[in-house]
Amino acid sequence: MNKDSNKTQDGGATRREFIKKSSLAAAAAASVNMFKTPVYGQDQAPSAGVVGANNRLRVAYIGTGNQGQFHVQNQQANAAANNIEQVAVCDLSKQRRADAAKIIGGNVKTFENYQELLAIKDIDAVTIATHDIWHCKTTLDALDAGKHVYVEKPMTRYLPEAFEVYDKVKTTGKIIQIGSQGTTAQAWHKAAELILHGDIGTPVWAQGYYCRNSKEGEWNLTIPEWAKDPNDFNWDTWQQPVKDKQPFNPEAYIRWRKYYPYCAGLLGDLAPHRLLPLMLATGNPEFPTRVTSLGTNPVHADKTGPNPERQVPEQVEILAEFPSGFSMVIVVSTINARSPGFVIYGHKASLEIGTSGERVQLIPEKPYSDDIDLANYDGLTPIESVPEHEKNWFDSIRANKQPNANIDLAIRAQVVISLAEMSNRMNMMCLWDEKERKIKKQDGTEIAAITYGTIEPS
């Protein structure tokens, strides 16, 4: 770690350091009183059947498509280092089950029905990478079966499901990790340390971006020949939770991120990769009080060639306000890849954070430059990494501690995501009542959270 500081002459640095230490001590003491809401699961029941530090974890997989196969490959490559055994895979597709089993090799078991997989008593943990509409049901059933869970982001498709998972995790005491791997990058934790220490004064606002660009349109993945065969997988089960069911459709199956019945588009895909790390970096992740969002389709990139156009936006902006007065702006795009950068702005200083979570720069505001030193924290590791995020989950299971993308962080982020979808699709600002777990309009009128069948399409 390299820290460069600007110093004054004639004892100025000594006086500044005394003032700084005094003010930081007061800020730290105040922060202890402020942060009454447990963020990292201190109020959670201890995990049943805690795994010893040297015990081998037996791991299974539900959903082995593109992202699921990626997890199978990563965990296979690091199986010895993580001391795990890959014992079973489940997918509705025969092809995908076979592909995952081939990667693992040996006597791995394969299942079409995930309930049969969960019935295996000595499985310790499951990695869930289904499409979003199955995240809730598979996670709840895995927790009930006594398994620890790694579930891809977003935690659930809709907000009521998220609180079902939250409550279940709290009662079972199992360790859940959400697949937002940026939270394992060290810079976000360093930022939280600096903020809790008072280095930037009161946090004011933050900005984060995930921007891409593609001539072919985001998510227009190649549809393999086996996916055009209705005998390869159970289409009715695949779309079971949705209201707007349709006949067998390989386009929807492979390119499901384009369609509202199966996901929230960019809000569920890319936004969590920025939202969870930035919320973690505040040192005190809060539920939002107000959320508004804009989603637009100015380019219509999906119309390229024969591809059907998406239902979800190409560009999304989220604006969220929190009880402390802190606000956050998240921008996600698939039609312009330029990104301004990641910054947390404080009253006395700001933190510029590297895209991969590899560095933090502390930049004092001019009026406070005599009290706060410019500082660079470089070479922070690990960078944003799925294998490191998986390792954090395995280590947390063994230590019976909360992982980086834990349930308390995840539920707060999911409220932002779900309210942002409602704001955009219903053309309204959404207010959140944390105590009552209710969404309200600006006039105080309660409005039900959207779920399957309450808004078209869904």
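Bear in mind these aren't lab numbers, they're just calculated from the coordinates by the rules spelled out. A quick note: this is a predicted structure, and the numbers were derived from the prediction, not measured. Note that each Cβ is placed from the backbone with ideal geometry, even for glycine, and that neighbours are counted across all protein chains shown.
Compute the longest continuous run of the chain that contains no exposed trypsin sites (Lys or Arg not before Pro); treat a site as exposed when its DSSP state is not H, G, I, E or B and it has at most 10 other Cβ atoms within 10 Å. In short, 216-337.
Backbone amide hydrogens, once placed in the peptide plane, bring Val204 within less than 5 Å of Tyr345, Gly346, His347, excluding anything fewer than 5 places away on its chain.
In this entry, the chain is assigned a mean projected area of 23.0 nm², taken as a quarter of its C-alpha convex hull surface. For the stretch 161-172, the Karplus equation 6.51 cos²θ - 1.76 cosθ + 1.60, evaluated at θ = phi - 60°, returns couplings of 5, 4, 6, 4, 5, 4, 5, 5, 4, 5, 7, 8 Hz by residue, with Gly and Pro reported as x.
Residue-wise HN-Hα couplings along the stretch 292-298, as the Karplus relation 6.51 cos²θ - 1.76 cosθ + 1.60 with θ = phi - 60° gives them from phi, are 9, 8, 10, x, 10, 10, x Hz; Gly and Pro carry x. Amide H contacts of Val89 (H built 1.01 Å from N, in plane; Pro and chain starts excluded): Tyr61, Lys109, Thr110, Phe111 sit under 5 Å, all sequence-distant by 5 or more or on other chains. Entry note: the stretch 412-458 has Rg to Rh equal to 0.94, where both radii use alpha-carbon atoms and Rh is the Kirkwood radius. Residue by residue, the stretch 268-284 carries 3J(HN,Hα) couplings of x, 8, 9, 4, x, 5, 9, 5, 4, x, 5, 5, 4, 5, 5, x, 8 Hz when phi is fed to the Karplus relation 6.51 cos²θ - 1.76 cosθ + 1.60 (θ = phi - 60°); x denotes Gly or Pro.
Against the empirical curve 2.2 N^0.38 Å, the C-alpha radius of gyration of the stretch 264-366 lands at a ratio of 1.25. Scaled against 2.2 N^0.38 Å for its residue count N, the alpha carbon radius of gyration of the stretch 57-180 is 0.97.
Classification of the stretch 308-434 by its C-alpha gyration tensor yields an oblate form. The axis ratio a/c (a ≥ b ≥ c) is 1.5 or more, and b/c is at least a/b.
Taking GluC sites (Glu not before Pro) as exposed when their DSSP state is a loop state and no more than 15 other Cβ atoms lie within 10 Å, the longest site-free interval of the chain runs over 310-433. Residue pairs exceeding 25 angstrom between C-alpha atoms, taken from Lys170/Lys441; Lys147/Lys401; Lys215/Lys245; Lys243/Lys435; Lys94/Lys174: Lys170/Lys441; Lys215/Lys245; Lys243/Lys435; Lys94/Lys174.
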